[in-house]
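Structure record follows, encoded as structure tokens.
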Amino acid sequence: MQTPRLVARILSALFVSFALMMFIGESMESAKKAHAEPMSLYTIIQLCLFGIGLLGLVLAWKWELIGGIISLLAFITIFIVNPEALLWPMFIFPGNAILFIFVAYLSKQSGQKNFRESDLNPAAESNVQNANKNYDNEPISE
């Protein structure tokens, strides 16, 4: 069960790192040019959607289903906005999102939680432990 999760996380880390390196490199290269062309609205929309897709892959480390869905929807929208982006290398990103959704499905089927309730509320775990101690010490009365 841990193998698909590990593969999805490693792939997403590689994809996000690669995309950040490309973005930083392009930014530095365009800053060197004397006459930089402004981006069109069409390009800005695609860049924002790509960023949302990458953000979804990052969120999927904590919330697999939510992050996977955000990422998948962003990349599908990119393909709708720009059908020329339907090249086989671009399918790697939504493929990773689908893998996160698959991992979330497997976790739900096996009853395994992606995170504990105590991750959201640290006091929850101590409250449960205290409640169990109180029940153990109280006499049973009818």
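Please treat every number below as a calculation from the coordinates, not as lab data. Computed from a predicted model, the values in this text were never measured in an experiment. Cβ coordinates were reconstructed from backbone atoms using ideal geometry, including for glycine residues, and neighbour counts include every protein chain displayed.
Computed quantities for the displayed model
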{"quantity": "Sequence of L49, L14, L65, L87 once ranked by neighbouring C-beta atoms within 10 Å, starting from the fewest", "calculated": "L87, L14, L65, L49"}
{"quantity": "Pairwise label distance in nanometres, I44 with S110, each label 7 Å out on the Cα-Cβ vector", "calculated": "4.5 nm"}
{"quantity": "Peptides ranked, highest mean first, by Cβ atoms within 10 Å: ranges 37-46, 4-13, 68-77", "calculated": "68-77, 4-13, 37-46"}
